[in-house]
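One structure is given below, encoded as structure tokens.
The values are calculated or read from the model by the stated rules, or taken from the named source; none is laboratory data. Fair warning: this is a prediction, and the values are worked out from it, not measured in the lab. When we count neighbours, we look across all protein chains shown, and the Cβ atoms used for this are built from the backbone with ideal geometry, even at glycine.
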Amino acid sequence: MDPIYESIAANKRRTYFFFLLYAILFGFIGYLIGIYIGSPILGLLMTVIILGIIFLVSYYGGQNVVTTMAGAREVSKQEEPYLYNTVDALSIAAGLPMPKLYIIETNVPNAFATGRNPENSSITVTRGLMDRLDRLELEGVIAHEMAHIKNYDVLLATVAVVLAGTIVFLAYMARYSSYGGLFRDRGRGGGQAQIIFLIIFLVLIVLAPLFAQLLKFAISRQREYLADATGADFTGYPEGLASALEKISYMQEPKSKIQNEALNGLYIINPALGAKRSDRGSTFFSTHPSTEKRVKRLREM
């Protein structure tokens, strides 16, 4: 099997494993909440319902939510023929349906893809990306986003972001409810078992936000490498994407229009870093690998 497709399969298995851990953590929180309200089964049932709603909203409405949050507008072939023809040619090369196209009116170059499957997907680019990259560089970026669509990366990342936000919110709410439960138990002389459960519960809600962030990072960082390689395979010209990444990296601006904590991990280059930091290398908490490492891998292909 081609190494690229072996990596795709491995990443999918890893992602499903993370989601399984996430569901277990979510269920454990629901179970403990159920204990405090006097019905563990009710707590688990509430968890299943909430998870079901989250997945449905993410699956069917995630694409529109993301493009709206990004401030993007949909464009047609008549409005942007250059962009349309570039994407159309690459969709044929990638064996994918033509995605919807969106533009964000800002001079900061960047791009991201979203959608639940190749038949229901979109690519969003900034005006700066089209104005400041040459044709080969633009093709490299579009091919990278096509790779995310082909590998179903964007759906998984969107669900992960929504799950992360939900579990952090649940932990925040549970923290205050647990304080109230502690005082009520003391007033009634609660038993040792309740104290043990409360300690476990407090530890869990402290770790939940960290777990949520680690899940988001684990999914996005490895998939950027894979999308780079897959995109370069589509175009047959890794240098186009390598050059584009260098340019985009140094053209990011702190507090720009596209910076959004919830969406930063979806962009090809994290817009929150700014020009001075975007190429310094990744840390444990980075959503993207360092641009330097990505470019090095591309030029070794």
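Within segment 210-229, the set of residues being at pLDDT 75 or above and of a type in the set (A, V, I, L, M, F, W, C) comprises Leu226, Ala227, Ala229. The sole residue among Gly30, Gly62 that is in a helix (DSSP H, G or I), buried (at least 16 other Cβ atoms within 10 Å of the Cβ) and either of a type in the set (S, T, N, Q) or touching a residue at least 60 places away in the same chain (Cβ under 8 Å) (or both) is Gly62. From Ile142, Ile104, grab the single residue that is modelled with pLDDT of 95 or more, surrounded by 13 or more Cβ atoms within 10 Å (Cβ to Cβ), touching a Leu at 6+ places or on another chain (Cβ under 8 Å) and under 18 Å from Gly265 (Cα atoms). Just a single option satisfies the conditions, and that option is Ile142. When restricted to residues that are touching a Leu at 6+ places or on another chain (Cβ under 9 Å), within 23 Å of Gly62 (Cβ to Cβ) and surrounded by 24 or more Cβ atoms within 10 Å (Cβ to Cβ), segment 224-277 contains 4. Residue count for segment 263-279, restricted to those that are part of a helix (DSSP H, G or I) and either modelled with pLDDT of 85 or more or in contact with a Phe, Trp or Tyr (Cβ under 9 Å, 6 or more places away or on another chain) (or both): 2.
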